[in-house]
Structures are given as structure tokens and as C-alpha cells.
Amino acid sequence: MFERAILVHFNEIGLKGRNRGRFERQLRDNIVAAVGHLAPRGVEKVASRLLVPVHESSAEAVLSCVSKTPGVSSASLAFITSRDPAEMERAAVLAVREAGPHARTFAIAARRSSTDHPEPSLEMNRRIGAVVQAETGLGVNLTRPDVTCTVEVVQGEVYVYARSVAGPGGLPVGTSGKVVSLLSAGIDSPVATWRIIRRGAVTVGLHFSGRPQTDSVSERVAAELAGVLAQGGGFARLYVVPFGDLQREISLAAPPDIRILLYRRLMIRIAEALAAEERAMGLVTGENLGQVASQTLDNIAAVDATATLPVLRPLIGHDKNEIIIEARAIGTYELSIQPHSDCCTLFIPRTPETHATAAQLDKGEVDLEIPRMVADAMDSLTWIDFPCHAYRAPKRFPVQMPEAS
């Protein structure tokens, strides 16, 4: 029997020059945390790859975990063999059968990362391909094969695989600092959050609930969305603030046409107060230029005038259909379309302002006790934690992992 392993491929990390080692170590640590007891031998560095030795019984589970980890471009379930030609051929037959039970054609892609191996890559392709064709009866197609079997000769061993799962790519979580993401229960903000996770940022979510003016359904949906985003180990915590009474306070004291923008300003201030506790370096929103009245360029600028941290908007130039396609791909769309009460629709005016100025919003806040409102929000926070190897919780808000069901 051959030993099995998950061979981890990465792309962008390979461009990091002298910093490459730090990124590789972070990815290795994240994978170790993700696979846990399923891979007790840990993660090894092999040439420009990471290798996760696995038992046959846990191989599928480890492959699934690794392929969801940001920084991984693809993960392959490999057979480990010696350089013995017969072993390489047997492994290739098994790999092709494992990856393509209904395939009609195949190709062999052999390469040598170890230059002391005497057999050229072209000769390995011909030799192994002939055996696979004889054993499986499949046809050879070098242009568009149903199955491609890769044979990598590396540092005294050979890795043979034909089954690969695409990963999210990007950078390892923990290499790009920490952000606070304003996570609604809608379609856009989970996609924006996922994009920032893929860029290597540890992400903390902040959900503004309409409670007690609405029910708590949006909180449940936001928690479910956070669970999906946390599968790759990049979403560390979801904070929830009951925002309904603060919205009511704004609606009673401020002009109706700028209420929504004042809600947004207060959200930014609360998010920045949380970022200070979390030592986060930026905020993330799912805003999209011109999608709704509050997201015109004038209104975005007027709201941002109160921000002191960078406000990142990964979806600013995308249309709704593009965002929906991505939401489906990452598994958040069906959750996001569940019926729920959105805090932003509370006390909504009939004719919202679309071209506000910072001075106009400053004037609208004159009768509001902004510092006290921010403090009230911070005192009312509740939170749920998710596994994230790179996350360190603030002392004020200690870790409280969800109870096992």
C-alpha cells in the first residue's frame, strides 16, 4: 500500500520574495489548525509545496479542510512512491481510476523538481502513459483530457495525483492584519467580507440588529452567514449590537431625509470603537456605488468624513448580478435571501437625501449625544466566537466558543 498525502499548492505566496517564508509558515500553521487531529503528523515543507500526510480513512476530510483554507490555490490527494518505475506506474493507475471513474481519456504530466533523477520528463510521460492505457483502457488526449495524472519527482520521493480540488487562493489569514466587517444579513456584506478574508486579514464581524424595534431573526441569519465564512479559518468572531433604540433616538431628533446617513455614521463610530478594542486596522462594508440612495458618491463621502480608519469596500464597482454569482459560489446566497427585518429599513424616510454633505450631517447630529450612544452600543455587545488560529481576543471581550451540540 502506498502512503497518502494532501499536496498543497499556492500561487501568490510564491511571488513574495524575501517575505515568502513568513507567508508559508502562516499557511502551514493555519492548515495545522484546520485539520487538527485528522492529520497527526502535521504539515511538511517540500520544495515549493506543503505536504499533509494522511491516513486513507481521513483523506477526504483533510482534503476538504485544506481546500477551504485561504492561501491555498489547490489541494491534491496524492500517492507517495519511491522512484522505482513500477511503483510510479502502479500509483498512476490508481490515481487515474480514483479521479475519473467515468473518464474516457487521460494524460500524464510528469516533471522533475529533483535534477538528479535520470529519466527525462518526456520519457516518464510515455512509459507511465503506456501502462495506464493498458490497465484502464482509456484513450490518450493531450489537449483536453478527462483526467490529468501528475507525477512529481521531488527530493527522493515521487508524488502521483490526478484528483485536485481548487482552493480559495489569495493569502494566508494572519498576514494582512485585522479588520472589523459590518456584516448584515443580506447578500452583499458576506461577499465583501469573504474577499477581505481571502486577502489574508483576520476578520471580526459586527452585526447591527433592529432589536428591540424588530425581532432577532437577522441575528440568527448573520450567525449562520458567519459560520459559512468561518469555514476557512478567517472569520474569528461575530459581535451583535441591538441598534433599534439608537435608530429611534436618531429618528426623533434628526431631519427625516438624512436619517439613514446618520445611522451609517453612528455605525461607523461604533465599528471604530470596536476596532480600537480589537486593535483592528480598518473597516469593511458591502456598499456598492449607486446601488441604493445611501450609496451615492456624495453620501459615501459625507458618511466617511467621520471615519478615522480606512473603510474598505471590496464590491464598490460590481453590479448586483456579479455579487449574487459570487454569493452562490461561497455558499451564502441562500442564507442571505431568508426573510428578516433589516435595521436599515427602520424609520426609513420617503425621500432620502442622495447628495448630502458632511456639513449637513454634522448639523443633523447637533442634538444627538453621540459619545453616549456609542458607549451604550459597546456596553450592549454580545458575541459568538469561531475557530481562527490567527485571532487574539481583546481583554474586554474574552473568548467564548460555542457549545458543542
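The values are calculated or read from the model by the stated rules, or taken from the named source; none is laboratory data. Only a predicted model underlies this, so the values are computations on that prediction, with no experimental measurement involved. When we count neighbours, we look across all protein chains shown, and the Cβ atoms used for this are built from the backbone with ideal geometry, even at glycine.
Quick one: in segment 1-56, of everything that is of a type in the set (Val, Ile, Thr) and assigned to a strand (DSSP E or B), which residue is modelled with the lowest pLDDT?
Top of the filtered list is VAL46.
For GLY71, only one of the following conditions fails: (1) of a type in the set (Gly, Ala, Ser); (2) outside any strand (DSSP E or B); (3) surrounded by 15 or more Cβ atoms within 10 Å (Cβ to Cβ); (4) on the phi < 0 side of the Ramachandran plot. What is its number?
(4)
Give the residue, chosen from THR345, THR351, THR308, THR357, that is in the same structural domain as LEU206 (by TED's automatic domain parsing), farther than 21 Å from SER184 by Cα and at pLDDT below 95. Break it down stepwise before answering.
Values: THR345 fails: farther than 21 Å from SER184 by Cα; THR308 fails: at pLDDT below 95; THR357 fails: at pLDDT below 95.
That would be THR351, the only listed residue that is in the same structural domain as LEU206 (by TED's automatic domain parsing), farther than 21 Å from SER184 by Cα and at pLDDT below 95.
For segment 74-102: of the residues being surrounded by 17 or more Cβ atoms within 10 Å (Cβ to Cβ) and among the small types (Gly, Ala, Ser), which is nearest to VAL32 (Cα to Cα)?
Taking the candidates together, the pick is ALA75.
Working carefully through the options ARG248, ARG237, find the one that is out of contact with any Gly (no Cβ under 8 Å at 6 or more places or on another chain) and of a type in the set (Lys, Arg).
From the options ARG248, ARG237, the qualifying one is ARG248.
Condition first: touching a residue at least 40 places away in the same chain (Cβ under 8 Å), hydroxyl-bearing (Ser, Thr, Tyr) and within 26 Å of GLY169 (Cβ to Cβ). Can you find one or more residues in segment 106-128 that meet it?
Looking for residues that are touching a residue at least 40 places away in the same chain (Cβ under 8 Å), hydroxyl-bearing (Ser, Thr, Tyr) and within 26 Å of GLY169 (Cβ to Cβ), one finds at least one in segment 106-128, hence yes.
Here are some conditions: (1) within 30 Å of LEU312 (Cα to Cα); (2) touching a residue at least 40 places away in the same chain (Cβ under 8 Å). ARG211 meets all but one. Which one does it not meet?
If we test ARG211 against (1) within 30 Å of LEU312 (Cα to Cα); (2) touching a residue at least 40 places away in the same chain (Cβ under 8 Å), just (2) comes out false.
Please work out if ILE324 is surrounded by fewer than 18 Cβ atoms within 10 Å (Cβ to Cβ) and in contact with a Phe, Trp or Tyr (Cβ under 7 Å, 6 or more places away or on another chain).
The answer is yes for ILE324.
Consider LEU274 carefully, then state whether it is in a helix (DSSP H, G or I) and of a type in the set (A, V, I, L, M, F, W, C).
Numbers: in a helix (DSSP H, G or I): yes; of a type in the set (A, V, I, L, M, F, W, C): yes.
Judged against the criteria, LEU274 is a match.
Go through GLY186, GLY200, GLY170 for me and flag whichever is touching a Lys or Arg at 6+ places or on another chain (Cβ under 9 Å) and either in contact (Cβ under 8 Å) with a residue 40 or more places away in the chain or in the same structural domain as HIS117 (by TED's automatic domain parsing) (or both).
Going through GLY186, GLY200, GLY170 in turn, just one is touching a Lys or Arg at 6+ places or on another chain (Cβ under 9 Å) and either in contact (Cβ under 8 Å) with a residue 40 or more places away in the chain or in the same structural domain as HIS117 (by TED's automatic domain parsing) (or both): GLY170.
Those residues that are out of contact with any helix residue (DSSP H, G or I) (no Cβ under 7 Å at 6 or more places or on another chain), in a helix (DSSP H, G or I) and in contact (Cβ under 8 Å) with a residue 60 or more places away in the chain, I need them from segment 229-248; list them, please.
As a first pass, look at segment 229-248 and keep what is out of contact with any helix residue (DSSP H, G or I) (no Cβ under 7 Å at 6 or more places or on another chain): 230-231, 236-237, 242, 245, 248.
The next check asks that each one be in a helix (DSSP H, G or I); those that pass are 230-231, 245, 248.
Within segment 229-248, ALA230, GLN231, ARG248 meet the criteria.
Can you name the residue in segment 278-313 that is of a type in the set (A, V, I, L, M, F, W, C) and part of a loop (DSSP other than H, G, I, E, B) and, of all such residues, is nearest to ASP362 (Cα to Cα)?
Looking at residues that are of a type in the set (A, V, I, L, M, F, W, C) and part of a loop (DSSP other than H, G, I, E, B), I get ALA305.
Within segment 1-48, count every residue that is acidic (Asp, Glu) and within 23 Å of ALA236 (Cβ to Cβ).
Matching residues across segment 1-48 total 3.
Please count how many residues of segment 276-321 are touching a residue at least 60 places away in the same chain (Cβ under 8 Å), closer than 26 Å to GLU369 by Cβ and buried (at least 21 other Cβ atoms within 10 Å of the Cβ).
So the count comes out to 4.
Residue check, LYS363 against (1) part of a loop (DSSP other than H, G, I, E, B); (2) at pLDDT 95 or above; (3) basic (Lys, Arg), all met but one. Which one?
Against the list (1) part of a loop (DSSP other than H, G, I, E, B); (2) at pLDDT 95 or above; (3) basic (Lys, Arg), LYS363 comes up short only on (1).
Here is a check on your reading of the model: is ARG372 charged (D, E, K, R), more than 33 Å from the chain's Cα centre (by Cα) and modelled with pLDDT of 95 or more? Lay out the reasoning, then the answer.
On the way: charged (D, E, K, R): yes; more than 33 Å from the chain's Cα centre (by Cα): yes; modelled with pLDDT of 95 or more: yes.
Yes; evaluated as a whole, the condition is true for this residue.
If you check GLU369, GLU353, which single one turns out to be over 26 Å from GLU277 (Cα atoms) and among the acidic types (Asp, Glu)?
The match here is GLU353.
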